[in-house]
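Visitor: Pasting a structure here, questions to come.
Each reported figure results from applying straightforward, stated rules to the coordinates on display, with no laboratory input. Keep in mind the model is a prediction, meaning the values are calculated, not measured.
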Amino acid sequence: MEALLHPDFPFDRSTPTSAPSACWVGPRHLAGDDGCLYDAVADALAELGWTSLTIVRGRQEWDEVPEDRQVLRSTVLHISPDTLRWAQWVLPDEPFDLGSLPIAWQVSARTDTSSSLAQWSAYFTPDVPGEVLVGFLVALDARGQPAAPLGSSELVLDAVAAHGWLRDIDQPGVRAMDPTFASHIRLGEVPPLIQDADPLALVAEADEAVLAGWQAWAEPVFGAGYLWAASFGASVPHDLVAAFADTLSSTALVLRRVLPESTQDRLLRAPAD
């Protein structure tokens with residue numbers, strides 16, 4: 001299954017290559033995930049006190065010894081202490097793609113413990129910088145009511161504008177991009193398969209207004225494929241997306257050993273020693 005993030009420009013997978021040594025690089029929105037997106041996020045969640053559970057699904061014949069069991073899918077679920085929010089590492093399962101990039105992390109929240117259904121979900125592919133996803137999760141962890149609406153879309157646009165990103169001339173109220181036009185964030189129609197508890201997100205007809213959610217992506221070379229993508233369900237509070245946007249557009253350098261092949265020539269580097 002596949003959810004098209006931007007139907008006019010299909011995604012291509014990017015294969016990171018190893019840098020000779022660790023270095024500080026920027027801008028971070030083009031720096032990739034250093035090949036350790038799971039570890040970066042899992043370590044941060046452990047520090048926040050979230051519990052991790054490994055979910056293994058497989059097949060075993062009646063006469064088969066346990067060590068020969070065929071593991072078909074294996075994911076890791078991280079749950080907050082109040083169980084109102086969770087983050088699932090789904091890359092081994094690859095349940096569906098965002099464009100042509102597999103989903104790596106799915107983050108969800110619910111209103112109360114009486115319901116097992118998520119009020120909203122957000123999806124992140126590989127090469128989303130780990131620092132950015134951690135910033136989003138720290139903001140989510142600090143929120144008393146993770147599913148309650150807060151703020152307006154201006155919070156997101158103001159966050160990136162504060163770091164020098166430009167509002168779109170034609171759509172200044174819903175879209176912005178970095179000064180090199182490589183990375184974008186916009187409020188618009190939610191792609192198919194992006195889960196949201198609001199039924200209007202699922203039942204709107206073709207000629208009806210649809211609920212809008214935030215999407216972000218990096219396209220280092222126009223038309224040559226995307227580096228990463230993120231999609232937020234329509235009910236994700238604007239202040240949480242603003243936390244993601246603020247960290248994404250930050251001008252602070254990040255430490256990297258592995259650089260994306262598609263952006264190596266566009267990154268500024270400084271020795272890490």
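Visitor: Name the residues whose placed amide hydrogens come within less than 5 Å of the amide hydrogen of A104, ignoring near sequence neighbours (fewer than 5 apart) on the same chain.
Guide: Amide H neighbours of A104, under 5 Å, 5+ apart: F124, T125.
Visitor: So who's got an amide H within less than 5 Å of the one on D97, skipping anything under 5 residues away but keeping other chains? H placed 1.01 Å off N, in plane.
Guide: Counting only residues 5 or more places away or on other chains, the set is E2, A3.
Visitor: If you don't mind, another one. HN-Hα J couplings of the range 138-144 from phi, Karplus 6.51/-1.76/1.60, θ = phi - 60°, integer Hz, Gly and Pro as x?
Guide: Here the 3J(HN,Hα) series is 5, 5, 5, 5, 7, 7, x Hz.
Visitor: Now a separate question. Can you grab the distance from the C-alpha centre of the range 23-56 to the C-alpha centre of the range 139-196, Å, no decimals?
Guide: So the separation of the two Cα centres works out to 21 Å.
Visitor: Further, regarding this structure: Using only Cα atoms, figure out Rg for the range 151-197 and give it as a multiple of 2.2 N^0.38 Å.
Guide: Working: Rg = 11.9 Å, N = 47, 2.2 N^0.38 = 9.5 Å.
Computed over Cα atoms of the range 151-197, the ratio equals 1.25.
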